[in-house]
Amino acid sequence: MEPQASPLWTTRTTLDRKTGTWRDAIPDYRTLPSPCLGACPVNGHIADWIGHIRKQEYHAAWLVLMDNNPFPAIAGRICHHPCETACNRQYLDESISICALERFVGDMALAKDWSLPSSDLVKKEKVAVVGAGPAGLSAAYQLRRRGLQVTLFESQNQLGGLMRYGIPAYRLEKRVLDGEIQRILDLGVIVEHRPITTQQQLEQLQNSFDAIYLATGAARSKTLPVLDYAKPWVIDSVEFLATTNANKSHPTGQHLIVIGGGSAAMDVARTARRLGKSVTVLTLEPAGHLPAQHTEVEEALEEGIRFVSGAMLQQVNEQTDGLELTCIEVEFTAGYRKGEFTIKPKSGTAFTLKANAIVPSIGQDANYAIWGESFKAQGPILKTGSDWQTEKKGIFAGGDLASMERFVTHAVGMGKQAAAAIAHYLEGQSPTSDEKTVAAVSIDTINTYYYPQQDRIDQQKLPSRQRLQNFDEVQQPLQEVQADAEAIRCFSCGTCIYCDNCYAYCPDMAITKLEKGYAIKSDYCKGCGLCVAECPTGSIVMQKEYEEITQ
Amino acid sequence: MECIDYQDVDIFHSGHVACAGCVEALSLRVILNIVGQDAVAVVPPSCTAVICGIYPNSALSIPAFHTSLESAAATASGVKRALLAKGKPDTTVLCLAGDGGTYDIGLQSLSSAAERNEDILYICFDNEGYMNTGGQKSSSTPEGAATGSTPLGKTTRKKNLVDIMAAHRVPYITTTSPGHILDMKAKVKKALQIKGTKIIIVLIPCLAGWGVADDAGIKAARMAVDSGIFPLYEVEDGERYTVNQLARTQSVKPYLALQKRYRHISEEQVEQLQIHTDKAWQQLLLRADQQQ
Ligand SMILES: Cc1cc2nc3c(=O)[nH]c(=O)nc-3n(C[C@H](O)[C@H](O)[C@H](O)COP(=O)(O)OP(=O)(O)OC[C@H]3O[C@@H](n4cnc5c(N)ncnc54)[C@H](O)[C@@H]3O)c2cc1C
Ligand SMILES: Cc1ncc(C[n+]2csc(CCOP(=O)(O)OP(=O)(O)O)c2C)c(N)n1
Ligand code: SF4
Ligand code: SF4
Ligand code: SF4
Ligand SMILES: [Mg+2]
């Protein structure tokens with residue numbers, strides 16, 4: 001037979017050839033934790049809710065926020081926002097204004113009167129929560145949402161704890177506090193205004209409830225040995241703030257010395273300024289190293305508060321025209337653990353200050369001795385296990401009472417964790433072992449080419465002169481256009497935004513678009529990793545398919 | 001961030017044999033999908049020829065004519081005339097050639113096709129060397145770059161093909177890159193609206209030939225543009241220059257550092273390259289300015 005000439009035309013496509021056999025790794029779509037999530041005390045899904053803002057889906061953003069924290073309008077005002085310190089965007093220009101965005105959403109929810117879906121009482125168990133500060137309210141909220149019956153016991157006649165009696169109105173309007181607390185009560189949380197202050201009262205609760213959550217805070221002011229607290233010119237800081245927060249006047253002289261460099265001290269000082277006093281803040285820590293938030297110190301300075309930093313009070317002399325404080329400069333060394341330090345006075349550096357009254361504001365201790373001997377201490381706080389259960393079965397604790405993380409959102413986060421632990425306990429399950437922690441998305445996996453440099457948008461502040469006239473909020477909210485513009489800056493670390501980059505940059509057409517999401521065609525993916533490199537959110541990773549052979 | 005808004009129309013198929021991560025395959029994908037079904041490709045020997053198919057398989061679902069290295073533009077001229085004779089004036093004839101087949105071996109046929117203003121769309125995948133044959137230098141290889149035939153680095157500068165072809169007064173010649181898909185899409189669309197000889201030079205960082213990681217082809221292309229080494233611009237009718245990028249945003253150094261082919265070069269050579277780049281950029285801006 002004559003040999004046949006091969007036809008001129010190709011007869012089939014390259015789809016015959018499974019070039020996927022070339023690869024040793026395949027892309028894998030993953031939702032990964034963003035660094036902000038890991039740093040957030042309530043583990044809020046920040047990338048998610050900012051994504052909703054970007055699409056102007058504000059209600060959806062609010063629902064995501066509310067999952068972990070019933071107080072977005074509050075947290076958006078006074079959270080110390082460690083999320084922003086962790087934010088990946090800082091490596092390009094500046095971190096995202098996460099806190100201000102949270103406030104934007106929280107305020108909109110209040111303005112539009114958004115309410116939560118009601119949750120039925122699907123469980124027969126009853127839980128008592130003692131103390132209605134952020135920890136107790138957060139626990140009550142999460143427990144009630146799980147269908148449990150919750151009763152809150154609160155000694156004060158209004159709820160909120162230090163959010164009401166500590167934090168002044170110029171940082172957190174009472175209207176906002178009331179609104180976000182009311183929403184929790186509307187879910188059907190029962191409130192009893194009575195204190196649980198004795199062992200007997202606690203035992204009564206144990207008899208009528210299946211579990212108890214203690215969140216009474218830390219209200220006992222620490223004392224300075226050099227001060228005689230019986231003198232009328234020594235003023236308790238908690239009481240000072242509580243009375244002004246309740247719109248009552250407090251008798252003090254004109255010249256105040258506030259001792260301490262934390263948030264509470266700043267609040268005392270700035271409140272006193274608004275009452276027309278002249279104020280000096282005395283801190284052990286040197287300037288620039290105060291434990292208060294940077295903005296608080298900055299705003300205090302703007303408001304005309306004088307700082308004497310890196311010095312210690314040694315003695316107070318009562319004189320006819322007031323008090324004379326003898327102080328000395330100190331060398332301050334921060335300790336290994338939070339709140340620990342050592343100081344060394346510098347000889348020959350003594351100086352004096354004049355004042356009419358002194359407000360020591362150096363922190364507070366928890367008081368759990370009231371409930372009897374059987375609770376154990378862990379340093380200055382109540383001892384709990386990793387599931388927030390105390391030594392007594394069925395009694396859990398959190399917030400300032402059981403932690404040195406003295407922040408509102410930490411209290412909220414602890415309340416959330418305890419609620420989960422209590423639910424497990426009531427179902428007879430052992431506490432869930434810590435989930436395998438996945439590393440947060442690092443900046444190296446974000447392709448920043450897709451994000452042009454753009455300045456961070458911050459909240460505006462009232463001018464300092466105007467601030468001293470009243471207790472109006474200092475920080476002014478973001479406008480909607482500002483919030484939208486700020487949301488665009490977010491890298492959405494670890495959360496896919498369905499931008500199609502991975503699909504479009506594949507040289508092998510090995511990615512299929514699905515209705516929501518994408519799939520890799522393993523027949524054709526050569527494992528080049530371009531899709532991963534061009535992902536602007538770090539939501540794909542290359543997964544090795546074969547073990548490397550090592551000899 | 002700006003979304004890419006791109007959807008395949010099934011003209012270029014998976015299973016082709018381009019290296020993993022090849023941005024020439026990616027560029028082909030984008031260009032073919034915009035050109036559409038009513039087209040004939042003319043392909044001289046090059047990486048593209050390998051990608052388009054190894055007989056009897058084809059990665060393209062449009063007809064592709066594999067021609068000789070010297071004659072892409074001449075073949076395309078003939079194909080176009082044949083189509084006209086057959087009453088198919090609207091069919092796009094598309095050359096898919098390498099830089100060796102354009103700057104060097106096919107230059108005479110391109111020059112005469114341009115002079116005749118043949119109605120073809122000529123795409124040059126400029127990977128700055130003879131790459132499918134193992135990486136030898138071409139007249140497009142830039143100064144300093146090492147290739148198989150210039151192991152110590154090329155001593156002469158990259159030929160400026162845009163100027164050469166602009167001197168032919170072709171209606172449209174432009175540069176683009178796979179790191180700029182929106183730009184590439186827009187330019188292919190624009191070229192399809194123009195009658196006569198259209199030339200698009202696509203910078204293709206060759207992973208093996210340049211010594212770039214499998215996932216870094218796009219990054220390299222963007223750095224070439226951002227440093228001004230490979231500016232994005234168009235020339236219409238040989239005289240109207242438009243620069244398509246706002247500014248240069250980085251020096252040439254990080255771009256060179258990304259590639260193994262520049263691994264051996266000295267600080268002085270880097271400086272020399274920077275000076276040449278600055279000067280060429282200024283000249284380009286001047287030309288773009290002068291016409292206004
Ligand atoms: C002045 C000041 C300013 C602060 N500013 C900030 C800030 O800007 N940002 C921030 O994150 N954190 C701030 N903090 C810290 C923060 O307020 C606390 O860490 C947080 O409120 C602790 O929450 P909690 O629920 O544990 O306790 P608390 O808020 O103290 O709430 C405890 C509640 O329990 C009630 N209670 C106490 N004992 C009993 C009892 N025996 N029976 C029944 N009820 C009882 C109390 O009345 C109170 O309502 C500030 C603290 C102070 C003092
Ligand atoms: C006249 C002629 N000389 C040499 C060759 C061998 N050859 C085939 S492809 C090629 C390199 C082409 O380089 P380029 O056009 O840049 O394409 P690339 O491989 O880089 O894509 C050469 C030299 C040939 N086919 N014809
Ligand atoms: S860029 Fe967005 S998702 Fe990433 S850390 Fe910052 S706020 Fe979180
Ligand atoms: S770009 Fe395509 S071929 Fe490369 S790893 Fe991703 S899916 Fe696979
Ligand atoms: S490239 Fe875009 S679509 Fe693909 S995973 Fe990343 S964010 Fe999602
Ligand atoms: Mg070439």
Unit charges on C-beta of K, R, D, E only; dipole of segment A:220-365, Debye: 140 debye
Interchain or long-range residues, amide H under 5 Å from A:GLY363's placed H: A:LYS222
Max mean-square fluctuation residue, GNM over chain B, Cα-Cα springs under 10 Å, options B:SER140, B:SER111, B:SER177: B:SER111
Antiparallel DSSP beta bridges within segment A:220-365, percent to nearest 5: 60 percent
Residue-by-residue Karplus 3J(HN,Hα) for segment B:263-276, coefficients 6.51, -1.76, 1.60, Hz, glycine and proline x: 4, 8, 7, 8, 4, 5, 5, 4, 4, 4, 4, 5, 4, 4
Approximate spin-label separation A:THR197-A:TRP9, in nm, with each point projected 7 Å along Cα-to-Cβ: 9.7 nm
For segment A:217-291 and segment B:189-251, distance of Cα centres in Å: 65 Å
Mean Cα-pair separation over length for segment A:420-483, i.e. relative contact order, pairs under 8 Å, 6 or more apart, %: 22 percent
For A:GLN460, distant residues with modelled amide H under 5 Å away: A:GLN476
Karplus-derived HN-Hα couplings along segment A:64-73 (A = 6.51, B = -1.76, C = 1.60, θ = phi - 60°), whole Hz, x at Gly and Pro: 5, 4, 5, 4, 10, 8, x, 10, x, 6
Interatomic Cα distance distribution for chain B, bins of 5 angstrom, percent: 1, 6, 12, 17, 20, 18, 13, 8, 3, 1, 0, 0
Built amide H within the under 5 Å cut-off of B:ALA39, gap 5+: B:THR92
B:THR133 paired with A:LYS174, simple spin-label distance in nm, labels 7 Å along Cα-to-beta-carbon: 8.8 nm
Cut-off 12 Å between beta-carbons: net charge of the residues surrounding A:GLY44, Lys and Arg +1, Asp and Glu -1: -2
Chain A, relative contact order in percent, only Cα pairs under 8 angstrom and at least six apart counted: 22 percent
Angle in degrees between helix B:72-85 and the longest Cα principal axis of chain B, rounded to the nearest 10: 30 degrees
Relative contact order, percent, chain B [alpha-carbon distance under 8 Å, six or more residues apart]: 16 percent
Among beta bridges that DSSP assigns inside the protein assembly as shown, antiparallel share in %, nearest 5: 45 percent
Test item: Cα-centred dipole of the protein assembly as shown, Lys/Arg +1 and Asp/Glu -1 on Cβ, debye: 320 debye
Spacing of the two label points (7 Å from each Cα toward its C-beta) at B:CYS3 and A:THR21, in nm: 3.8 nm
Nearby aspartates and glutamates by direct alpha-carbon distance to A:LYS392 (threshold 19 angstrom, same-chain neighbours under 8 apart not counted): A:GLU125, A:GLU203, A:ASP210, A:GLU373, A:ASP400, A:GLU427
Positive-pole candidate from A:GLY335, A:ASN247, A:THR295, dipole of segment A:220-365, charges at beta carbon: A:ASN247
Candidates B:VAL17, B:VAL188, B:VAL40: whichever shows maximal mean-square fluctuation once chain B is modelled as a Gaussian network with Cα springs under 10 Å: B:VAL17
For A:GLU203, solvent-accessible area (1.4 Å; no DNA, RNA or ligand), Å²: 80 Å²
In Hz, Karplus ³J(HN,Hα) per residue of segment A:282-294 (6.51, -1.76, 1.60; θ = phi - 60°; x = Gly, Pro): 10, 10, 6, 5, x, 3, x, 10, 6, x, 5, 5, 3
In Å², nearest 10: area of B:HIS264 left accessible to a 1.4 Å probe: 80 Å²
Accessible-area ranking of A:PHE396, A:PHE307, largest first, probe 1.4 Å: A:PHE307, A:PHE396
Farthest positive-ward along chain A dipole, Cα basis, beta-carbon charges - from A:LEU162, A:SER97, A:ILE190: A:ILE190
Hydrodynamic radius of segment A:120-241 per Kirkwood, over alpha carbon pairs, in Å: 15.9 Å
Area of B:CYS206 that stays accessible when all protein chains are in place (1.4 Å probe, Å², to 10): 20 Å²
Share, in percent, of DSSP beta bridges within segment B:23-287 that are antiparallel, nearest 5: 30 percent
Charge dipole of segment B:75-127 about the Cα centre (unit charges at C-beta), most positive-ward option of B:LEU107, B:ASN117, B:VAL79: B:VAL79
Whole-percent pair-distance distribution, where bins are 5 Å wide, for the alpha carbons of segment A:220-365: 2, 9, 20, 24, 22, 15, 6, 2, 0
For chain B, built as a Gaussian network whose Cα springs stay under 10 Å, the top-fluctuating residue of B:ASP104, B:ASP183, B:ASP215: B:ASP215
Sorted largest first, extent of the protein assembly as shown alpha carbons per principal axis (Å): 116, 64, 59
Gyration tensor (alpha-carbon) shape descriptor, segment A:360-468, a/c threshold 1.5: oblate
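The values are calculated or read from the model by the stated rules, or taken from the named source; none is laboratory data. None of these values were measured; they are calculated from a predicted model. Backbone-built Cβ (ideal geometry, glycine too); neighbour counts: all protein chains shown. Surface areas here come from the heavy atoms of the whole protein model, side chains and all, with no ligands, DNA or RNA. Shrake-Rupley method; radii C 1.70, N 1.55, O 1.52, S 1.80 Å.
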